Amino acid sequence: MKNRNMILTGILLIIAAVLPIFIDAPYQLHILILIMMWAVIGTSWNLLGGYAGQVSFGHAAFFGVGAYTAGLLVFHLGISPWWGMLLGPIVAAVVALPIGLICFRLRGPYFALAMLALGEIFRLLFINLASFTNGAKGILIMPEITSKMAYYYIGLAMLLLTVLITYLIVHSKIGYYMVSIREDQDAATSLGVPTTLYKIYALLPSAFFTGMAGAFYTNYVAFIDPHIVFNLSNISVMVILVVMLGGVATTWGPTVGAAIYIFLGEIFRTTLGPANVLIFGVLVCLIIMFLPNGIVGELNIIKRIMARKKESLPGGA
Amino acid sequence: MNYFEIKNVTKRFGGLAAVSNLSFQVEQGEIFGIIGPNGSGKTTVFNLISRFFPLTSGEIYYKGKRIDLIPAHKICEMGIGRTFQVVKPLRRMSVIDNIMAGAFLRTSSIRKARHKAEEIIDFCGLDKYTHREAKGLPIPLRKRLEIARSLATEPSLILLDETCAGLNPKESEEAIALIHRIRKTGITIIIVEHIMKVMMGISDRILAINFGSEIALGKPKEIANHPEVIKAYLGDAYA
C-alpha cells in the first residue's frame, strides 16, 4: 500500500516535470502556476489548521508580508525581488511568533480571531503607511524573468519543498504531538506535551511557506497592492476552502483542492459569467455537506470500505 | 523523605472549598485508594496533583521535590501519569498512535516509540485493536487505552481516576487484573474509585474524604467499618 502510494507519487511527479514541454500555451501554464502557488498556501495552512487544529482566518497576513518583503526590497533598495523568496518567509515567521506566543496559551477561537484581526491590521497598515509601502498605489516591479516555463518550475520546486517539509514534520514526534493537541488538549498535556510550544512549531513553518508563496506572487505577477495581498476573502478564506475541498490533514489534499478550485473557478468564470460566484458557493456548500473530510480525506475512507469488503468475501482471492 | 506527600492542600472555586486542608502521604510501591461520595473532591485532588488546576494553598511533594508550582506538562515528565474519569481518547488516532503519542515523551524516534507502544499494547491486552480508531472503541477499551497511554510515558506514580466506573463485573475484573499487573512492575498507584468492592480488594490503604476533608484513613477493613464513612455513604441512621 505504502509502496503503491510512493510509485503513484513518483509517476505524478514525472508528469508534473514534463508537463510544460507539452503545454506551450501561456494561459494554461498560468493556471498551473496559480494552482501550485495555492497548493503551497493550502499545504502550509493545513499544517497549522489541519494537523495541529489551530484554525487561522488570517493567512493573508503572512502571504502579504512575504509579498511586500519582496516588493519593498525592490522599491526601497533596488535589490532583486528574488531575495524576497528567502527573506519574505523569514519575515512572515517573525510576524507569526508573537501572535503564537500570546494566543496559543488560550484555547478555543482566540487564535482564529486574532489572526482574522492580524490580516486586517496589516491591510490597513500597508494602505496608510504610504511613505513606506506606497499605500494603495501598490508596488510595480519589472519582472526579471518573463518565461512562464521558469515560473512553472520554480513554483513546482516550492510546492515540493513545502509538501516534503510538511510531510517530514507530520511523520515525526512533532506531528504526533500536533495531532494529539488537535484531538484533545487536556489529554496531550497529561502526556507531557508542552502544548503552547508545539502549536508554535506548527505556526512557524506554516507562516514561513505562506510568506514564500507571497514573495513568489510578487515576482510572478509583478504588481502588488494591500487590497490584493492582504485580502480577507480572496486569500484568508480562500485558503480554508482550498484545504476543506481537498482534504484536511492529508498530504496531497491541499494540492488537489487547489487544482480543483482554480480549474473550476476558471471554467465557471468563462461559462457562467456573473453567476459564477453563486454556483461556486453552492458547490462549496455541497462539498462541505457531503464530503466533510474533503476529496482526499473521503478517498481514504472509501478505499478502506472497499478493502474491508474484499477481505470478508468468502473464499475470495 | 516521603515518596509522595500532600500538605495542607486547599482548593477553592469561588466560595466553595472543593478540597480543604487535606494532607496525606503515599509510600513507594503501594496502591493508595481515595474514596468519598459524589462531589467530595476526589477528582479535584487528582487535578491538583497533575496541575490541571492551580492550588489555592498548600504544598505537594514528589520524591522530595515540590511540584505544585511547575506547569502541567512537566508533571508528567517527572514521572506522574494520570487518566481521566471522563475518558479523553485522541479520537481520530488509532490505538497504537494514541499510545505512541505518550511514548514520545521519552524518545524522539518513531521506531522506538512504536516498539514501546507495541509492548504496552501487549501488556494491556489491546492487541486485537491496535489499528482501530480510538473513537470507535467501547468504554471498557477506552478506559484501558487511557491507562495504556499513560503507561507509555513511563510513570513511576500513576493516578487512576474511576477506572472501573461504568464497567460490568467481568470488565471490572479485567481492569483490576490490569491494575495488579501495573503494580507488579513497581509503579505506585493512587486510585479513585466509586465501587467499594473494587477498592477493598486492591488498595493497601484507603483515604476517605467528604466535603474535601479527610474523614478516615487506614487499611480497607478499618475504613469499611468506620462510622464516619458509613455515615457519609448511607446517612446518619446507619452509623
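What follows draws every value from the coordinates through simple rules; no lab data is involved. None of these values were measured; they are calculated from a predicted model. So basically every Cβ, Gly included, is an ideal-geometry build from the backbone, and we count neighbours across all protein chains shown.
Classify chain A as rounded, prolate or oblate, taking a ≥ b ≥ c as the square roots of the eigenvalues of its Cα gyration tensor: rounded when a/c is under 1.5, otherwise prolate if a/b is larger than b/c and oblate if not. Because a/c hits 1.5 or more and a/b fails to exceed b/c, chain A counts as oblate. Taking amide H as placed 1.01 Å from N in the peptide plane, the amide H of B:Asn210 sits under 5 Å from that of B:Ile215, each at least 5 places away or on another chain. Electrostatic bookkeeping for A:Asn219 treats Lys and Arg as +1 and Asp and Glu as -1; over the other residues with beta carbon under 13 Å from its beta carbon, the sum is 0. Checking the Cα-Cα distances for B:Lys88/B:Lys135; A:Lys173/B:Lys74; B:Lys197/B:Lys219; A:Lys173/A:Lys199; B:Lys143/B:Lys170; B:Lys170/B:Lys231 against a 21 Å cut-off, the pairs over it are B:Lys170/B:Lys231. Ordered by the number of other Cβ atoms lying within 10 Å of each residue's own Cβ, fewest first, B:Lys7, B:Lys221 fall into the sequence B:Lys221, B:Lys7. Relative contact order of chain A: 31 percent, from C-alpha pairs under 8 Å at least 6 residues apart in sequence. Remark: A:Trp83, A:Trp45, A:Trp252 ranked as A:Trp83, A:Trp252, A:Trp45, counting other beta-carbon atoms within 10 Å and listing the fewest first.
DSSP bridge analysis restricted to the protein assembly as shown gives an antiparallel fraction near 60%, rounded to the nearest 5.
Within the shell defined by Cβ-Cβ distances under 14 Å, the residues around A:Gly108 carry a net charge of +2, with Lys and Arg each +1 and Asp and Glu each -1. For the residues of A:173-181, the average number of beta carbons from a partner chain within 10 Å of their own beta carbon is 5.
Applying the Karplus relation 6.51 cos²θ - 1.76 cosθ + 1.60 with θ = phi - 60° to region A:206-213 yields 3J(HN,Hα) values of 4, 5, 4, 6, 5, x, 5, 4 Hz, where x marks Gly and Pro. For region B:77-213, averaging the sequence separation of C-alpha pairs within contact (under 8 Å, six or more residues apart) and dividing by the residue count gives a relative contact order of 30 percent. Straight-distance candidates among the lysines for linking to A:Lys2, with alpha-carbon spacing under 17 Å and chain neighbours fewer than 8 residues away dropped: A:Lys303. Computed 3J(HN,Hα) for region B:6-16, one whole-Hz value per residue from the Karplus formula 6.51 cos²θ - 1.76 cosθ + 1.60 where θ = phi - 60°, is 10, 10, 6, 7, 10, 9, 10, 9, x, x, 8, glycine and proline marked x.
Cβ under 15 Å from B:Pro227's Cβ, B:Pro227 left aside: what net charge do those residues give with Lys, Arg +1 and Asp, Glu -1?
After counting each charged neighbour, the total is -2.
Listed by chain and number, the aspartates and glutamates placed with their C-alpha closer than 14 angstrom to that of B:Lys112 are B:Asp97, B:Glu154; residues fewer than eight positions away on the same chain are left out. Amide H contacts of B:Arg205 (H built 1.01 Å from N, in plane; Pro and chain starts excluded): B:Ile31, B:Gly33 sit under 5 Å, all sequence-distant by 5 or more or on other chains.
Each residue of region A:165-178 was assigned a 3J(HN,Hα) from its phi angle through the Karplus expression (A = 6.51, B = -1.76, C = 1.60, θ = phi - 60°), giving 4, 4, 4, 5, 5, 5, 9, 9, 3, 4, x, 4, 5, 4 Hz with x at Gly and Pro.
Sorting B:174-185, A:53-64 by average packing, meaning the other beta carbons within 10 Å per residue, from highest down gives A:53-64, B:174-185.
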